[in-house]
Each structure stands twice: as structure tokens, then as C-alpha cells.
1. Which of the following residues is of a type outside the set (Val, Ile, Thr), under 19 Å from residue 128 (Cα atoms) and open to solvent by 50 Å² or more (accessible area, probe 1.4 Å): 29, 45?
2. Sort out which residues of segment 67-85 are open to solvent by less than 30 Å² (accessible area, probe 1.4 Å) and either over 13 Å from the mean Cα position of the chain (by Cα) or hydrophobic (A, V, I, L, M, F, W, C) (or both), and write them in order of number.
3. Residue 13 is checked against (1) surrounded by 14 or more Cβ atoms within 10 Å (Cβ to Cβ); (2) under 29 Å from residue 103 (Cα atoms); (3) out of contact with any helix residue (DSSP H, G or I) (no Cβ under 7 Å at 6 or more places or on another chain) and fails just one. What number does that condition carry?
4. Mind checking which pairs have a first residue in segment 10-32 that is under 22 Å from residue 169 (Cβ atoms) and in a helix (DSSP H, G or I) and a second that is modelled with pLDDT under 90 and among the aliphatic types (A, V, I, L, M), Cβ under 7 Å, 6 or more apart or different chains?
5. Are there any pairs, at least 6 apart or on different chains, whose C-beta atoms fall under 8 Å, with the first in segment 135-155 and small (Gly, Ala, Ser) and the second open to solvent by 50 Å² or more (accessible area, probe 1.4 Å), and if so, which?
6. Return the total of residues in segment 154-170 being within 20 Å of residue 130 (Cβ to Cβ) and open to solvent by 30 Å² or more (accessible area, probe 1.4 Å).
7. Are there helices (runs of 4 or more DSSP H) fully within segment 100-199 with at least 3 residues that are at pLDDT 90 or above and touching a strand residue (DSSP E or B) at 6+ places or on another chain (Cβ under 9 Å)? List them.
Amino acid sequence: MKTTTGKKIRALTVTAIMSALGYILMLLEFPLPIIPSFIKLDFSEIPAIITSFALGPLYGIAVCLFKNLLHLFNTSSAGVGELSNFILGAVFVSIAGIIYKRKKTFGRAVLGVISGAVAMSIFSVISNYFFVYPFYVKFYGMPYEAIVGAYSAILPAANTLLKALIIFNVPFTFIKGMIDAAVCFACYKQLSPIIKGRY
């Protein structure tokens, strides 16, 4: 009984620490010159994917949730950006974590992060097309023409919102997921025993 309680307390403590780390990483976002400046890169899913692998997908999702709740204090999107970030992050770490949990091998971990990144990329199109950009248009008065124009200024073929999201956001989101996974793989073996209390 004590062992089970101790494990739960450790898992909750790790989740809190990883959520705080994810929040800090969200604050370190930066734009890239190959994509419109309002889309920024951050590495805040790294703590979530590590937690998902070490403790299970539900804890990884919890990290995604709490880091975004903390980020609400710094929001510039009335919470819409944070909700979208949570949904995409939760898709990524849950799929990766579920696949890895069934058979904990490096191959399954790779399959998990690739599957999660693909799903996250697809959801990024749905999220931005039906939710995020319509919100900015309605509540911030940002016209669709200006949004699409920011994309088409970089690549003229991206002359509709759907094309822009597919051409830019899908590969951007997938690569972001792969970078997060690469960092996770680089440090997971060292962190896993500490997270699980086996050091």
C-alpha cells in the first residue's frame, strides 16, 4: 500500500516538475524565417513526451494540460492558442506513449513518435482551419487575406488557407515533433531511472 502511494506521489511530483519545465520552454518560443512570423517554434513537448514514456500517456497528457494552464497567465490569444497547443501536444504524446507502453523497445518508441507526429500534423490543419484562425478573424479583426498573404509572401502557391496549412504547418509540426523526439531519445536513458525512482 505504501509502495503504491509512494509511486503515485512520485508520479504526481514528476508531472508537476515536468509541467513547470514545459511552461518555461513555452516562454522560449522563437520564429523561423521559412514560415510566417506568427508561427513560433518551441520545445515544450519534450518534458511531456519523456513523461509519457516513463510514466504512461495519461501523465504525458497531464503535462501538456498543466503547462498550458500556466501559460494562460501570459496568453496573447485569450486561451485559444493554449487550447490548440494542448490538443496537439496531447495527440502527440498520447499516441507515442500508448504505442511504446504496449512493448517498451526502441523500435516501438520510434514508431510511437512518428505516428504521434503524423497525427499531430494532421490535427494542426483541422485545429487552425476550423478553430484558431477563425477566432483571430472574428475577435481580433485579422482578415483571412492578411493571414493567407503572410504565407503566400513566402510561397505564392500557398494562396488559400487550406493550401497554406498543408504546405507550411504540416511539415513544420511534423519536424517539431521529430526534434522533440530526438531530444527525448538523447536523454531518456539518463532521466528514466530518476523519474521512476530507480537510481
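1. Sole residue among the options that is of a type outside the set (Val, Ile, Thr), under 19 Å from residue 128 (Cα atoms) and open to solvent by 50 Å² or more (accessible area, probe 1.4 Å): 29.
2. Of everything in segment 67-85, those that are open to solvent by less than 30 Å² (accessible area, probe 1.4 Å) and either over 13 Å from the mean Cα position of the chain (by Cα) or hydrophobic (A, V, I, L, M, F, W, C) (or both) turn out to be 71, 77, 79, 80.
3. (1)
4. Going by the 7 Å Cβ cut-off, there are no qualifying pairs.
5. Going by the 8 Å Cβ cut-off, the qualifying pairs are 150/37; 150/38; 152/159.
6. Residues that pass the stated criteria total 7.
7. So the answer is 170-196.
The values are calculated or read from the model by the stated rules, or taken from the named source; none is laboratory data. Just so you know, these numbers come straight off a predicted model, no measurement behind them. With ideal geometry, Cβ positions are generated from the backbone for all residues, glycine too; neighbour counts draw on all protein chains shown. Each accessible area value is taken on the protein alone, full model and side chains, heavy atoms only, with ligands, DNA and RNA left out. Shrake-Rupley method; radii C 1.70, N 1.55, O 1.52, S 1.80 Å.
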